[in-house]
Amino acid sequence: MAIEIEKKYRLNEDQFRQTEETLNNISAKFCGEDFEENTIYGGGKLQEINAILRIRKIASKAILTFKKRTSNDSGIKEQIEHETVIENAAEVEKMFEFLGYKKQLIYEKYRKIWRLGKVEIVMDKLPFGLFMEIEGTILTIKETEMLIGAEDFETEHKTYPFLTAEFGKAVEEYIEARF
């Protein structure tokens, strides 16, 4: 079972720019940037176990992800996560429909990715704001916060799907947040 451990921050434009500069000035390795379209499916058994399925499309690649949140009281979230690359997203979407899973949300984002030791740092721009996520162990997340000057940044406890539901607009039977 794969456990994802990460902390998310809501940033203003200055924090976003300064953090990118800091990452470029330290030994962080820039891994690239992407534009993503994320489609969240729910319903059926997923709803019963508080989980989602996501299809993330990046250029010519698609990734299927299962996520189930575990509960804790800290700003660092932990969740069960399983991912795999899929060859044909449209066919998987049809399978989901046949299985009774409903398209609930679609959100787009621009993402830049850095690696610093065993930590992944992403800088995200979504239609409803600027964010950073640090993924690693609880200890390496805290160490990275201090190294890049993020320890006083606002922690964002809500997921991108939750924020999409809050700030997106209704289209057909789902909600979307697009540029």
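Quick check: anything in the stretch 103-116 closer than 16 Å to I52 by Cβ and open to solvent by 20 Å² or more (accessible area, probe 1.4 Å)?
yes
Go through the stretch 114-156 and count every residue that is farther than 19 Å from E21 by Cβ, among the aromatic types (F, W, Y) and not in a loop (DSSP other than H, G, I, E, B).
Summing the residues that are farther than 19 Å from E21 by Cβ, among the aromatic types (F, W, Y) and not in a loop (DSSP other than H, G, I, E, B) in the stretch 114-156 gives 0.
Looking only at residues that are more than 12 Å from the chain's Cα centre (by Cα), without any contact (Cβ under 8 Å) to a residue 60 or more places away in the chain and surrounded by 12 or more Cβ atoms within 10 Å (Cβ to Cβ) in the stretch 133-173, which one is nearest to Y41 (Cα to Cα)?
The extreme case among them is F167.
Restricting to the stretch 23-61, give me the number of residues that are open to solvent by less than 90 Å² (accessible area, probe 1.4 Å), among the small types (G, A, S), farther than 14 Å from E93 by Cα and within 18 Å of the chain's Cα centre (by Cα).
Final tally of qualifying residues: 2.
On the given criteria, is E4 exposed (fewer than 13 other Cβ atoms within 10 Å of the Cβ) and more than 20 Å from Y101 (Cβ to Cβ)?
It is false that E4 is exposed (fewer than 13 other Cβ atoms within 10 Å of the Cβ) and more than 20 Å from Y101 (Cβ to Cβ).
Tell me which strands (runs of 3 or more DSSP E) are completely within the stretch 14-111 and hold 1 or more residues being among the polar types (S, T, N, Q) and without any contact (Cβ under 8 Å) to a residue 24 or more places away in the chain, or say none if there are none.
Values: elements: 29-42, 51-58, 61-69, 76-86.
Of the strands (runs of 3 or more DSSP E) lying wholly inside the stretch 14-111, those with at least 1 residues that are among the polar types (S, T, N, Q) and without any contact (Cβ under 8 Å) to a residue 24 or more places away in the chain span 61-69, 76-86.
The values are calculated or read from the model by the stated rules, or taken from the named source; none is laboratory data. The structure presented is a predicted model; accordingly, all values stated were derived computationally and were not measured. No Cβ is skipped: glycine too gets one built from the backbone with ideal geometry, and neighbour counts run over all protein chains shown. Just so you know, the surface numbers come from the protein's heavy atoms only, side chains and all, with ligands and any DNA or RNA stripped out. Shrake-Rupley method; radii C 1.70, N 1.55, O 1.52, S 1.80 Å.
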